[in-house]
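Below is one structure, written out as structure tokens; the observations come after it.
The values are calculated or read from the model by the stated rules, or taken from the named source; none is laboratory data. Note that the coordinates shown come from a computational prediction; the quantities given were computed from them, not determined experimentally. Every residue, glycine among them, receives a Cβ derived from its backbone with ideal geometry; neighbour counts consider all protein chains shown.
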Amino acid sequence: MLIINQLLDIYEVRKPELVPFNNYARRLIAWLGDVTLEHVPRGENRQADALAKLASTLALPDHETHVPICRSWVIPIFESEDNGEREVNVVSVLEIETEDWRQPFIDYLQHGKLPDEDLTHEDNARLRLEELEALDEKRLEAQQHLECYQARMSKSFNKKVRLRSFQKGDLVLAVRRPINTTHKIGGKFISKWDGPYVVQEVYSSGAYKLVAEDGLRVGPINGKFLKRYYH
């Protein structure tokens, strides 16, 4: 509205950088002849508002630029030999169907339109099921890798393990924790082995029942928590 009033000489153009635009608009009005200026609200003319914003980003040169057109034609020139036949106009039409990759973004920014999806509910459900099946396969593969890794670690550890077997009547020492809880444990400098104990019973599972010197029965205890006592 301000610009229209400035063109109608109702308001004065105060900013020096806007004077060239005002003068150029006046020359255009004079060149067109009878021109009527009418204010249209921005909400009713979004396209013109967008064009005005685009034009405001362009720099106006200080001088006019004239580009001469030397030759112009719509239909390509067709030169044929004069063989007496009737001349015909030949038009070559080349149509390239290409889709601009920017168009979905333009539609979304201008109209809020999302790209059309050609998938039906059945296709979407099928793709979803295939993704879940692929995920289950990956989980199974990861589980197999984990089991193989655990088997390799167990095999490597078992190579260094020496099996301990004791007979009835052997003297052994037992780990204080967590097996032997009948005796109180002192400070951290106390040995972790308690005993000696006498093997009273031997089980096929590798466990042993022990008896202390004072007759206290302990166990059954797994053999990996025992070691032979030498006196």
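Okay, here's what the table says:
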| read-out | value |
| --- | --- |
| Any pair with Cβ under 7 angstrom, 6 or more apart, that starts in the range 6-24 at a residue that is in contact (Cβ under 8 Å) with a residue 24 or more places away in the chain and ends at one that is among the acidic types (Asp, Glu) and surrounded by 10 or more Cβ atoms within 10 Å (Cβ to Cβ) | none |
| Neighbours by Cβ (under 6 Å, 6+ apart or cross-chain): first from the range 104-118, more than 15 Å from ARG46 (Cα to Cα); second modelled with pLDDT of 70 or more and in a helix (DSSP H, G or I) | LYS113/ASP107; PRO115/PRO104 |
